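Trainee: Before anything else, here's the structure in question.
Where a number appears in this text, it was derived from the coordinates with a stated rule and is not lab data. Worth saying up front: this structure is predicted, and the values here are computed from it rather than measured. Methodologically, a virtual Cβ is constructed for each residue, glycine included, from the backbone with ideal geometry; neighbour enumeration extends over all protein chains shown.
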């Protein structure tokens, strides 16, 4: 058992180890692309979850208005809309602030573009 672990640890440096500073920066830059995509996906999924929760709270308010105030489902609805439209709003705000064809530099080229708010790996167009 210990020999297997020792054998695996002996080769992990060859697979995952960076030989110089440039390789390290490349690995870190690659992880930022995944992080940007993860944040976009989490925003959409959390928005959908808040929509479902808001619908459930609206039903609870209809069944018993004294227990659930109307502000609770309305607040959940506003949060859901903000989360669902967050990636799109980033593109619109970028176009408003920086001009029509402006784009912000991301981990690999461009992450958010003025026309498309989706995360792309290389460029907008």
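Trainee: Could you give me D for region 37-95, from Stokes-Einstein at 37 °C and 0.692 mPa s, where the hydrodynamic radius is the Kirkwood radius over C-alpha pairs? Units µm² s⁻¹, please. Write out the running numbers ahead of the final one.
Mentor: Working: Rh = 12.2 Å.
The diffusion coefficient I find is 269 µm²/s.
Trainee: Still on this structure: In nm, to one decimal, how far is the residue 41 label point from the residue 27 one, both placed 7 Å along Cα→Cβ?
Mentor: Calculated label separation equals 2.2 nm.
Trainee: How do the peptides 76-87, 56-67, 32-43 rank, highest first, by the average count of neighbouring beta carbon atoms within 10 Å per residue? Walk me through the numbers before you get to the answer.
Mentor: Numbers: 76-87: 16.8, 56-67: 12.3, 32-43: 14.0.
Top to bottom by mean Cβ count within 10 Å: 76-87, 32-43, 56-67.
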